[in-house]
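These notes are about the structure you will find just below.
Since every read-out is calculated from the coordinates, none of them should be taken as a lab result. The structure displayed is predicted, hence computed values, not measured ones. A quick note on method: Cβ atoms are made from the backbone with ideal geometry, for glycine too, and the neighbour counts reach across all protein chains shown.
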Amino acid sequence: MPTLLVHDTVVQQQILKEIHADDRDERLAAIEAAQAFLPLSPSFRKDVLAVALTANSTVLCGLLAKAASNSVEAQQAWTHCAGLYERLADDKSAVASLRAMTTLTAAYPGVLLAMHGQLLHHVLDHEPRAFVRNFALLATQQLVTQGGEDSDDDQLAIVLEGVFSRSKQPSTKTQMRLKLSSLLLLEKWSSVSQNMGESAKALIKDASEWLTTVSDERFGKAYTSIIAQIARQKLSRTDTTSSERSIDELLLLLHPRAAVTSKNTWSHALEAIAQLSHEFPELIAGYTASRLVELLSIPADTSLGSTTSKFRRTSIFKVLGAQLRPPSTSVVNEQLPLLVKELSTTERNDALHLRAVAATFFLWTQDLQISGKDAADLDTTNVTSGFEKELLNPEHYVSHAERYEMVKLAMLRGRFTFAAQLMEEIAAKADSECFGGWLHALHTLCKAESRIGVDQSVHLESLHSLARTNMFLQAARTSSFRFDLQLHLVALRLEWIQHVQSAQQLAGEAAFTNTAGNPVGREGQLGKQLRALAHKFDVVRGLLLGAHQRDLDAIQAHADACSLLAAAVEGFLLLHSTNSIDFPVDHGILSSNSQWNLRLLNMLSKDTQTKLDRVAKLNPSRQPGVGARVLQQLLAALCAIPPALPKLFFCSRLRSSQRLLSSAQFLTYAENAAFTAKPRPRSQLGVPLGTDFTSVLKGVVALSRSSQDYWRARVKAIETEVLVCLAGAGTSSVNAASSVYDHVDSSPEEKLVQYRVRVNLPIAWDQVTDATIESDNRPCMLYLPFETPVHVKAANLTAKGSFVLVARIALLDDQGERWPLAATGCQRGFIVY
């Protein structure tokens, strides 16, 4: 709002006058205008407060929360509303006054919470109108979710205990609505409170009994949410024993003969268990998996019907297959026959159930895939082999589409041998040029990775297959389906196995000759190439802003593998000390709920560091040979770990929400004062030698309106890096790419950089502007502006010539990660004369 309008007393007085207008539309418009003025003008707040405190109706009660500037005024406003509640008998006035008092209490809980608690208890005890009591309960949620800085949690707990103790009423239809509101309030309270009072515990116990008689699914949803919140808080304190009791309460709801009226409660309970298993995989994933397997062995209740029973079994298998780690080995060996039996009874047209069972099998046997069949007993080996053969049975698939979905699942779980066998029939009958090329690419990729995993080494056949994968992807490209990400990942994977093959050769030579590698020779060059490849994978990961964390972990696993092998080459072949080697970053707590491949690489990295220390203690004459043999073992382990594929690999085009664009320009202060949207990349600037160069970097980040809430919650700052470079061939291609995947690293050569500065700018969400033109085919866009001065001192411009200003734009999220944006502009030349 313009400053002149804020201080315009005439406008303010007119708004105060229209607040009492007889016409309802004019009165509502004046109240809305007053809402906008109140945060901006202290004098206007005092005027509105004085008018509202003398009003005899509740029309202005909604303005009191913003009009009160301190606790004294808030107490006056609350008392005024309480008086209106006592004097005015109509329903609308009662609701308006209660809403205003609750809002005031949420803003000033330190002085109002005790009085508001007494009023709330009075309303619940003596208010004859049920819907007013119900509104009071619903409005109380605001005290839990929007408490002020001086909020007294102990006092709030006392108030809520009084509310919950008043929920024991006869189970009439009206009272059940009040009980539901109390349960919803307890749901909010359980999300922020660590301790439940006696009345809250009694209400939870009563709620478990209500589930047997009430058909409203909201009761079941609220109840399961409360139990899950309690378990989550106990697990956060690593109180596993107590948390298992809460999980058992959820598991009881899943029993086929559980006395629960609403069938949707079963789904809510299973969803809560799945969420807890994902949040705390190390603590309860094994426990919940074993209990869910027990549920599968219980005969279904005949009253449910076959359709419901099948749906529930499929849902349980989906949860089992989606867990982040398998149950214990004993549970797996004991329950694998159950999967075989389930597979044999799966109907031909039940593809969802088939994939859910297969996903569970892939998860349970993933460690067996790495350790090899020799590490498993004969019975387990026979069961796994029989399951895979049965899964290849054509009788399980109605169409190639179902086979394709199974192939996707197998590839995402690292089962490339199985995927190659199932893919062979699909690829042989592909007739579309685009889709056929894509299918052949998947087939050759599976064959290449399958051969590497089985042999635990890289051969020319695998290199040839990956090269053919790239060729098929190129043939499948169209104007609509570019396969940019797939081509990039396949090219980087091909480069990786080429480096692995080189490492195999160098390790074999070192083991045979017992000689250390040459830092400036092939060994040193291989280490540098692996570091560069790790950086390329990091760049690709940085381009997937907004992707699911598991997709990001999949790319991170490739980067970590490159860094690990580079460290191993430097340590075992070049015999560098451990302190001088950069190992992959230890992901620490994040590794517990990250991808399986990433966890394995974390363990390999720690094991490699331990072995490097042991090799360093050997006699120097033995170090090269022993180190080379340890490197050979590490190479076999890296080949045995299947590559992690992101789910985005199976998307032909990235969604727009994952590719934010930005645009920026370097402007002089004069140009910035008269700023227009016309770009000025060709306009040359100049400064005399020995003079500071000053300018302004001004730009915007574009995002869709529908994703604004997502980015507002995640993005914390805009990072701008400004480089001053000598003009030349090394800087001509910077920011010139038309696609974010055209150039993996378009940085200027370091020797051309004269000056570098990096600034983190706060997000100005209050300055977001809408797109001026909306299209039916494109979402409505928002533009987030940013601006920072650029000051290059004369000491950094020591020679005459042409220079280039280059800007890089990135977002910083709430986890501290940096996400480069696809940017246009961001470059401007200037001359020092």
For I581, which sequence-distant residues (separation of 5 or more, or a different chain) have an amide H within less than 5 Å of its own amide H, given hydrogens modelled in the peptide plane? none
Give me the number: length gained by fully extending Q498 to K263, i.e. 0.36 nm times residue separation minus the C-alpha to C-alpha distance, one decimal in nm. 79.1 nm
When the Karplus curve 6.51 cos²θ - 1.76 cosθ + 1.60 is applied with θ = phi - 60°, which whole-Hz ³J(HN,Hα) does each residue of region 756-764 get, with x for Gly and Pro? 9, 9, 10, 10, 9, 9, x, 7, 9
Could you order the peptides 545-556, 222-233 from most to least packed, using the average number of other C-beta atoms within 10 Å per residue? 222-233, 545-556
Just to verify a number: FRET efficiency for T578 and E509, C-beta to C-beta distance, R0 = 22 Å, to 0.05? 0.40
I'd like to compare 184-196, 511-523: which one has the highest average count of other Cβ atoms within 10 Å, and what's the full order after that? 184-196, 511-523
Can you tell me which aspartates and glutamates have their Cα less than 14 Å from the Cα of K536? Leave out same-chain residues fewer than eight positions away. E495, D560, D742, D745
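After finding the eigenvalues of the alpha carbon gyration tensor for the chain, what semi-axes result from the square roots of 5 times each, listed largest first in whole Å?
54, 44, 25
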For region 482-650, what is the largest minus smallest coordinate of the Cα atoms on each principal axis, given in angstrom and ordered from greatest to least? 52, 33, 25
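If I stretch the segment between A799 and N619 completely, what's the gain in nm (0.36 nm per residue apart, minus their alpha carbon distance), one decimal?
59.3 nm
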Determine which residues of region 802-817 fall in the zone a paramagnetic label at I831 would reach in this model, i.e. backbone nitrogen under 14 Å from the point 7 Å along Cα→Cβ. 802-804
Mind ranking 21-33, 67-79 by how tightly packed they are, going by the mean number of other C-beta atoms within 10 angstrom, highest first? 67-79, 21-33
Gyration tensor on Cα atoms of region 283-376, a ≥ b ≥ c root eigenvalues, a/c under 1.5 rounded, else prolate if a/b beats b/c, else oblate, says prolate
Lysine pairs in region 38-214 with alpha-carbon atoms under 19 Å apart, 8 or more places apart or on different chains: how many are there? 9
Students often get this wrong: which residues of region 69-102 have the backbone nitrogen under 19 Å from the point 7 angstrom along Cα-to-C-beta of N56? 80-94, 97
Just subtract the alpha-carbon distance of S303 and R177 from 0.36 nm times their residue separation and send over the number in nm, one decimal. 42.5 nm
Once Rh is set to the Kirkwood radius over Cα pairs, what Stokes-Einstein translational diffusion coefficient, in µm²/s, holds for region 164-311 at a temperature of 20 °C and a viscosity of 1.002 mPa s? 134
If you rank V319, V357 by fewest surrounding Cβ atoms within 10 Å, what's the result? V319, V357
How big is the equivalent ellipsoid of region 428-551 along its three axes, where each semi-axis is √(5λ) from the Cα gyration tensor, reported in whole Å from largest to smallest? 32, 19, 11
Out of residues 5 or more away from A717 or on other chains, whose amide H comes under 5 Å of its own, with H placed 1.01 Å from N in the peptide plane? L812
Test of understanding: express the Cα radius of gyration of region 38-214 as a ratio to 2.2 N^0.38 Å, with N the residue count. 1.07
Under the rule rounded for a/c under 1.5, else prolate if a/b exceeds b/c, else oblate, using alpha carbon gyration tensor axes a ≥ b ≥ c, region 313-427 is classed as prolate
Can you work out the FRET efficiency for the pair H121 and L252, with r the C-beta to C-beta distance and R0 = 30 Å, to the nearest 0.05? 0.35
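Tell me, what is the FRET efficiency for D367 and E198 to the nearest 0.05, using R0 = 41 angstrom and their Cβ-Cβ distance as r?
It comes out at approximately 0.35.
Can you tell me the relative contact order of region 482-650? Whole percent, Cα pairs under 8 Å, sequence separation 6 or more. Could the numbers behind the result be given before it?
Numbers: 193 pairs, mean separation 52.6, N = 169.
Dividing the mean separation by the residue count of region 482-650 yields 31 percent.
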